[in-house]
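Data first, discussion second: the structure below is written as structure tokens.
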2 protein chains.
Amino acid sequence: MNGSTTNTCKVLINGAWSDSAGSKCFQATNPASGEPLPDSFPVSPWEEVEQAVEAAADASQQMRGWPGERFARFLETYADRIDARSDELVERAHQETALPASPRLKDVELPRTTNQLRQAAVAARDGSWAMSTIDTAANIRSMYAPIGPVAVVGPNNFPFAFNSIAGGDFAAAAAAGNPVIAKGHSSHPGTTRLFAEEAHLAAQQTEMPAGFVQLIFRTNHTDGAKLVSHPLLGATGYTGSRRAGLVLKEAADRAGKPIYLELSSINPVFILPGTLQERLDALADEFTASCLMGTGQFCTNPGVVVLQAGDAADRFVEAVASRFNEASIGTMLGEGVLSNFGEGIGTLRAAGADLLTGGQPGGGTGYSHRNSLLRVDGDRFLANREKLQTEAFGNGALFVVAANADQMVEIAESLEGNLTGTIYSDSTGADDELYDQIAPALRQHVGRLLNDKMPTGVAVSPAMNHGGPFPATGHPAFTSVGIPASLHRFAMLACYDNVRSHRLPAALGDKNPTGTTWRQIDGVWTQENAG
Amino acid sequence: MNGSTTNTCKVLINGAWSDSAGSKCFQATNPASGEPLPDSFPVSPWEEVEQAVEAAADASQQMRGWPGERFARFLETYADRIDARSDELVERAHQETALPASPRLKDVELPRTTNQLRQAAVAARDGSWAMSTIDTAANIRSMYAPIGPVAVVGPNNFPFAFNSIAGGDFAAAAAAGNPVIAKGHSSHPGTTRLFAEEAHLAAQQTEMPAGFVQLIFRTNHTDGAKLVSHPLLGATGYTGSRRAGLVLKEAADRAGKPIYLELSSINPVFILPGTLQERLDALADEFTASCLMGTGQFCTNPGVVVLQAGDAADRFVEAVASRFNEASIGTMLGEGVLSNFGEGIGTLRAAGADLLTGGQPGGGTGYSHRNSLLRVDGDRFLANREKLQTEAFGNGALFVVAANADQMVEIAESLEGNLTGTIYSDSTGADDELYDQIAPALRQHVGRLLNDKMPTGVAVSPAMNHGGPFPATGHPAFTSVGIPASLHRFAMLACYDNVRSHRLPAALGDKNPTGTTWRQIDGVWTQENAG
């Protein structure tokens, strides 16, 4: 199998693993040892990226009008192939990310990943995601249709579930009928290559066009910007750092190409006074587990906790601090994550937050940093709100201790856009009045509002919103998790006005294309035929 | 009634007509005479815009959680008030735009406008637009919710139906539960003021917050960019020139604020050989009527016609040219439109198109330009495709005569994003093979694909897409016409995860909030209760 041998500089372009035209290669690092891993991977020059875009555009043309069934078959075949190679995937991802092989990689993230692919297959086959809308009187019909080649740029922290060639964006883009150009994350190229090998074989097995799934491992920043703004590109899905994401956003925006970004989020958690009285120790346990899970490297990691000043708040802070001191220290995903985390803590301290514990690198295996907690009062937070909302991505959090209930509300109003916002309140109703003031304020600044539950879990539910106002994402009306909603990012609205009936796509014909597809016909959602 | 008297420099800010703080005023011009109209209107300085944004943000906070019924009542009251003042509106709009009082303004555009407001009211009351999605097992629930203050910047060519304080964007933003800051178009400020007076009174009558509807007439460009990127703003709806729109887009994009733009479109019409044989004269009539309607000042005006070279094509071109010569010459909306049209024709000629007829200003009343036609062959079009897709907004069109059928397909593939694309084919099936090649290519570049019908009509249908790929609009997944779909532009996705049932918005509770709202519950679209 080409590409699976070590020390090659091959990329997957236009249906074949071929030598990269680039002269530069890079290696991944084992975060647990700090040592480079043996395989090397190419940095693709522009002409290679351009080839990929052109091949994807060809694939797009070939697939025009294909039924969802074709994409479903690919997705299912691919999911089966991943399952068959799961041991190798888990081992490689563990080497490249230092995430625990079990339960995290093997028992949680890999099943989630194949589950996403299979859910996407169901959505593609069913076709309800297209929201076909039929006005029989006017003979105007519209639906969501494939947008064209999609570039997917994946993050470092989910080598499987958000992998650029296997994760949620990939599944959504493919299920919506688009070819994908995956740009792998440099921290886990070996894992990404294994996926790409299986994606390629699954595509061959299900007779997809050559340019349907492609992989490049790395480009320079200029070429990344050229890719997302390429005239032949449909859209981009990006998950990663705010800095790199904003560069791509600017390029894509200028070209009028949709780009869906997941950038940063501090996921504020408001713990109201009553609930702190009611179950302080349980909350300290729950928060500690959520904040340190995966060494805090989750986009929904609770990075800010807002409390009302008082004895209970002080005791809660102490209880969490002692748990942070006792907890084991995980290995971070890489040297960059470690140094960024340190910088983030430095920014918070410079902005007036006091360090309660941690604050130094080391203490664990390989790239590690002590579990860290900071504290700032509400006045200072509000006075320096921008800096104090810096995301410190890792095993740490900031307590914001508000002077009183009104200030908690003011803090909720002052927040930037976040993926999540959480409120814990007591069971007797003592917190209800304050909840009713905080919740509407918080609501407007977050994609997902939670009660009594840490935000770290992101269920793959049709009702999930893994999104939120800028700078959490680039557009507050879209979610990157949850099927079928996540497919809409990679679609355009396609209207047919007075088009003769035999020329309509099956989804818009009078006859229900599957017998079970939900369509909106003359204002009524139905699985029946039209007319 | 404040604000209705002449020669005042008043703006509608925070629930009152007050003197503008600005020192500059402007007057509208009667396009039929070239003479200024008597009233003067203010150019608002930044502090006034800022006041409007803050008042709108206050309104947004006050309206959090309000049922759609509240917005429906406002919209219906407003529509009734507009009807009651229709004579004055028609007269003023006729003076300011030179569009015929009847049938255009009185019998077509005004009824369309109040119809849009009333349809938006129905959508707001019904609540199905929010696409409430409930996962009962996981207790995760999501819906589209108001995005916050919306700035609406309206165009010159529809003083009613796209008016910034009465048109489609206004109706959609208000129905979705948002306050609107309208920025009137400088060519019809008097019309806009009349609407604003009625909107203000309707808002008072239905007890909306002070900052719910506001109007400023003009700002400088810098302040326009500041408005669309303001931290308190939710989103912007813009319809107008590509140049001005791109400046706003850049500012809004940088701030991560959604901006929905309708920028430019040449609306290509492909007339296949068989249909030209079948009914050349009828097609020439149909095209001429569509292209010259409203002096060609429609965003869906057919600006490019693609034909296959041959005798029939030549005869069609001649037939249209003679009709253009015979047709009366309309008055354009203003001096700027006239000069831009002349420039557009100049650009097309410089790029290699030959002038067949027209090409000179004058010939009609006031600001006018001779009905104009140009012609270019397919080779030249493809060689200079960017320049030859310049929009010449007005009473003119470009014929592109392709060497053969393959070149027609190639032309379809080469098009920029457009609102519409049209294909005429014959009734016997002779054109079907060519249709099947052109349609998929054209489909990808247009929001609405038509058969056998000119694109000028834009029905307010739930299945309408008045949108399309850039540069026709800023995002190909949204429509600015069609209710309820147009409301989604002014919404964010709001998810509730594990939120206690008594705290959920009515739309997400187990009980159907109206008894008839469509919601997606555990994958099934239903009007029933959940669980």
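The values are calculated or read from the model by the stated rules, or taken from the named source; none is laboratory data. Note that the coordinates shown come from a computational prediction; the quantities given were computed from them, not determined experimentally. Quick reminder, even Gly has a Cβ in these numbers, built from the backbone with ideal geometry, and neighbours come from all protein chains shown. Accessible surface areas use protein heavy atoms only, side chains included; no ligands, DNA or RNA. Shrake-Rupley method; radii C 1.70, N 1.55, O 1.52, S 1.80 Å.
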Where the second residue is at pLDDT below 95 and the first is of a type in the set (S, T, N, Q) and lies in the stretch A:375-394, which pairs have Cβ atoms under 7 Å and are six or more apart or on separate chains?
none
Could you grab me the full set of residues in the stretch B:459-481 that are open to solvent by less than 10 Å² (accessible area, probe 1.4 Å), closer than 12 Å to B:ALA172 by Cα and more than 7 Å from chain A (Cβ to nearest Cβ)?
B:VAL481
Quick check: is even one residue across the stretch B:84-91 β-branched (Val, Ile, Thr) and open to solvent by 20 Å² or more (accessible area, probe 1.4 Å)?
no
B:VAL446: crowded, with 24+ Cβ neighbours inside 10 Å, over 16 Å from B:ALA176 (Cβ atoms) and touching a residue at least 24 places away in the same chain (Cβ under 8 Å), yes or no?
yes
What are the residues in the stretch A:281-326 that are part of a helix (DSSP H, G or I) and more than 32 Å from the chain's Cα centre (by Cα), if any?
A:ASP311, A:ALA312, A:ALA313, A:ASP314, A:ARG315, A:GLU318
Counted residues, the stretch A:210-254 - those being small (Gly, Ala, Ser), closer than 19 Å to A:ILE165 by Cα and away from chain B (no Cβ under 11 Å)
6
Restricting to the stretch B:438-454, name every residue that is in contact with an Asp or Glu (Cβ under 8 Å, 6 or more places away or on another chain) and more than 16 Å from A:PRO146 (Cα to Cα).
B:LEU450, B:ASN451, B:LYS453, B:MET454
Is it fair to say A:SER241 is farther than 20 Å from A:PRO149 by Cβ and of a type in the set (Ser, Thr, Tyr)?
yes
Taking A:GLU76 and the conditions (1) within 28 Å of A:SER229 (Cα to Cα); (2) out of contact with any strand residue (DSSP E or B) (no Cβ under 9 Å at 6 or more places or on another chain), which numbered condition does it fall short on, given that it satisfies the others?
(1)
Scan the stretch B:422-440 and tell me whether some residue there is touching a residue at least 60 places away in the same chain (Cβ under 8 Å), small (Gly, Ala, Ser), part of a loop (DSSP other than H, G, I, E, B) and within 12 Å of chain A (Cβ to nearest Cβ).
yes
Assess whether B:PHE287 counts as being more than 20 Å from B:ASP452 (Cα to Cα), at pLDDT 95 or above, open to solvent by less than 10 Å² (accessible area, probe 1.4 Å) and of a type outside the set (S, T, N, Q).
no
Checking B:LEU110 against (1) crowded, with 16+ Cβ neighbours inside 10 Å; (2) at pLDDT below 95; (3) touching a helix residue (DSSP H, G or I) at 6+ places or on another chain (Cβ under 9 Å), the condition it does not meet
(2)
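Pick out the one residue from B:ARG323, B:ARG279 that is touching a helix residue (DSSP H, G or I) at 6+ places or on another chain (Cβ under 6 Å) and away from chain A (no Cβ under 14 Å).
Values: B:ARG279 fails: touching a helix residue (DSSP H, G or I) at 6+ places or on another chain (Cβ under 6 Å).
B:ARG323 is the lone residue from the list that is touching a helix residue (DSSP H, G or I) at 6+ places or on another chain (Cβ under 6 Å) and away from chain A (no Cβ under 14 Å).
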Taking the residues in the stretch B:482-520 that are open to solvent by less than 10 Å² (accessible area, probe 1.4 Å), assigned to a loop (DSSP other than H, G, I, E, B) and within 10 Å of chain A (Cβ to nearest Cβ) as candidates, determine which candidate is farthest from B:ALA173 (Cα to Cα).
B:VAL499
Looking at the stretch A:112-133, I want the residues that are within 11 Å of A:VAL460 (Cα to Cα) and have a partner that is modelled with pLDDT under 95 with Cβ atoms under 8 Å, at least 6 apart or on another chain. Which pairs are those?
A:ARG112/A:VAL460; A:ASN115/A:VAL460; A:GLN116/A:VAL460; A:GLN119/A:VAL460
For the stretch B:56-75, state whether one or more residues are closer than 19 Å to B:ARG125 by Cβ, within 14 Å of chain A (Cβ to nearest Cβ), open to solvent by less than 60 Å² (accessible area, probe 1.4 Å) and of a type in the set (A, V, I, L, M, F, W, C).
yes
If you check A:ASN451 against the conditions, is it within 15 Å of the chain's Cα centre (by Cα), within 8 Å of another protein chain (Cβ to nearest Cβ) and open to solvent by less than 30 Å² (accessible area, probe 1.4 Å)?
no
In the stretch A:327-353, which residue that is of a type outside the set (A, V, I, L, M), closer than 20 Å to A:ARG385 by Cβ and assigned to a helix (DSSP H, G or I) is least open to solvent (accessible area, probe 1.4 Å)?
A:GLY344
Boolean, A:TYR78 is assigned to a helix (DSSP H, G or I) and crowded, with 21+ Cβ neighbours inside 10 Å
yes
